[in-house]
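Participant: First the structure, then my questions, so here it is.
The values are calculated or read from the model by the stated rules, or taken from the named source; none is laboratory data. What you are looking at is a predicted structure, and each value in this text was computed from that prediction instead of being measured. When we count neighbours, we look across all protein chains shown, and the Cβ atoms used for this are built from the backbone with ideal geometry, even at glycine.
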Amino acid sequence: MLSSTVQGILTSSLSDGLIYAFVAVGVFITFRVLAFPDLTVDGSFVTGGSIAALMIAGGYNPFLATIAAIGGGLACGAVTGLLNTKLRISALLAGILMMVALYSVNLRIMSGANIPLLRQVTIFENIAHLFGTTKSVILVIGVLAVLACVVFMILSWFLRTEIGLALRASGDNEQMIRGLGSDTDRNTIMGCSISNGLVALSGALVAQNQGFCDVNMGIGMIVMGLAAVIIGEALLHPRGVASMLLAALGGTFVYRLFITIALRLGLSPGDLKLITAALVVVALAIPYIQKKIRHEWMPPAVRF
């Protein structure tokens with residue numbers, strides 16, 4: 001009985017961790033690589049899900065619908081980057097404006113608050129049919145694991161290219177990289193686009209896995225992504241590009257594991273946001289507490 005319960009918790013956490021890992025990696029790109037506090041995530045997550053759901057319900061191939069969802073996320077991130085670089089709106093405010101605007105955009109896309117997909121063929125049913133089986137948790141985990149590996153390898157390669165290095169340098173020292181002749185505005189727009197493209201991919205996969213897309217399903221995605229990134233960094237202490245990406249993936253699994261255990265213990269789903277906030281506070285406070293114990297000096301917290 002105990003072993004089956006543990007297996008169920010681990011399986012559920014792994015499935016959710018893989019599907020939300022793209023959100024964590026997207027948040028990692030903006031917050032850690034680009035040093036851009038992008039709050040578009042809550043909106044672009046739903047945009048990806050709504051585009052995929054609309055196309056699948058309209059009879060389009062689910063793989064094509066998922067690609068279109070990624071394109072929608074890329075466009076959302078590009079607009080946020082343009083607001084910041086061309087109109088000189090602060091990164092935080094640009095993200096908030098896009099997040100608010102995308103709520104109405106997503107309602108327009110879906111022509112309502114939600115789109116059901118319970119009787120539609122998604123990529124999971126397509127792949128299950130290809131292998132002559134039915135959709136199951138194991139199949140979903142396998143599909144998501146392969147997709148996560150592909151995305152991980154592409155990003156790991158891209159961030160080591162000349163363009164990727166310029167993108168990383170823009171986040172570390174924008175003035176220096178601008179002085180070296182790199183277009184930092186282009187780097188910002190590109191980074192925001194890639195980030196929200198990954199977030200939209202996650203939204204499309206979530207919609208297809210759970211069988212519906214809802215306009216409110218993106219609420220709290222930015223906090224979840226930050227929690228996963230911070231927990232992963234606290235546990236793995238990453239140094240290079242590959243280890244940073246692995247930390248984002250590992251942090252998502254640990255985060256979903258805590259959430260699953262909390263639900264199994266009988267906590268209300270309405271308490272999940274409180275649990276998320278508590279996890280982030282603990283992960284952020286640990287380095288400060290460690291330095292306090294060692295009597296090391298720490299600078300004041302950043303105000304803006």
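Participant: All but one of (1) surrounded by 19 or more Cβ atoms within 10 Å (Cβ to Cβ); (2) farther than 23 Å from residue 38 by Cα; (3) of a type outside the set (D, E, K, R) hold for residue 218; which doesn't?
Facilitator: Exception for residue 218: condition (2).
Participant: Hey, does segment 129-139 have a residue that's at pLDDT 90 or above and either touching a Pro at 6+ places or on another chain (Cβ under 6 Å) or small (Gly, Ala, Ser) (or both)?
Facilitator: There is no residue in segment 129-139 that is at pLDDT 90 or above and either touching a Pro at 6+ places or on another chain (Cβ under 6 Å) or small (Gly, Ala, Ser) (or both).
Participant: Still on this structure, please answer the following. Which residue, of 253, 212, 258, is among the aromatic types (Phe, Trp, Tyr), within 30 Å of residue 115 (Cα to Cα) and touching a strand residue (DSSP E or B) at 6+ places or on another chain (Cβ under 6 Å)? Outline the logic, then answer.
Facilitator: On the way: 253 fails: touching a strand residue (DSSP E or B) at 6+ places or on another chain (Cβ under 6 Å); 258 fails: touching a strand residue (DSSP E or B) at 6+ places or on another chain (Cβ under 6 Å).
Just a single option satisfies the conditions, and that option is 212.
Participant: Ok, one more. Here's a check for you: in segment 99-137, which residue that is of a type in the set (A, V, I, L, M, F, W, C) and exposed (fewer than 11 other Cβ atoms within 10 Å of the Cβ) is nearest to residue 75 (Cα to Cα)?
Facilitator: Here is the first cut: in segment 99-137, the residues of a type in the set (A, V, I, L, M, F, W, C) are 99-102, 105, 107, 109-110, 113, 115, 117-118, 121, 123-124, 127-128, 130-131, 137.
Remaining after also requiring exposed (fewer than 11 other Cβ atoms within 10 Å of the Cβ): 118, 130-131.
On the way: 118: 28, 130: 32, 131: 34 Å.
It comes out as 118.
Participant: Another question, if that's okay. Check residue 110 against each of (1) within 30 Å of residue 175 (Cα to Cα); (2) over 20 Å from the mean Cα position of the chain (by Cα); (3) of a type outside the set (D, E, K, R) and name the one condition it does not meet.
Facilitator: For residue 110, the failing item is (1).
Participant: If we scan segment 26-41, do we find a residue that is surrounded by fewer than 24 Cβ atoms within 10 Å (Cβ to Cβ), over 15 Å from the mean Cα position of the chain (by Cα) and modelled with pLDDT under 95?
Facilitator: yes
Participant: Need the failing condition index for residue 59 against (1) of a type outside the set (A, V, I, L, M, F, W, C); (2) in a helix (DSSP H, G or I); (3) surrounded by fewer than 17 Cβ atoms within 10 Å (Cβ to Cβ), just the number.
Facilitator: Failed condition: (2).
Participant: Now for a separate question. Specify which of the listed residues (163, 115) is aliphatic (A, V, I, L, M), at negative phi, in a strand (DSSP E or B) and in contact (Cβ under 8 Å) with a residue 24 or more places away in the chain. Steps first, please.
Facilitator: Details: 163 fails: in a strand (DSSP E or B).
Exactly one residue qualifies, and that residue is 115.
Participant: Name the single residue that is surrounded by the most Cβ atoms within 10 Å (Cβ to Cβ) among those in segment 167-213 being among the charged types (D, E, K, R) and touching a helix residue (DSSP H, G or I) at 6+ places or on another chain (Cβ under 8 Å). Give the steps one after another, and end with the answer.
Facilitator: The first filter runs over segment 167-213 and keeps only residues among the charged types (D, E, K, R), leaving 168, 172, 174, 178, 183, 185-186.
If we keep only those that are touching a helix residue (DSSP H, G or I) at 6+ places or on another chain (Cβ under 8 Å) as well, we get 168, 174, 178, 185.
Details: 168: 20, 174: 16, 178: 15, 185: 15.
Top of the filtered list is 168.
Participant: Right, another one. Take residues that are among the aliphatic types (A, V, I, L, M) and modelled with pLDDT under 80 and tell me which of the helices (runs of 4 or more DSSP H) falling wholly in segment 218-304 contain 3 or more.
Facilitator: 272-293
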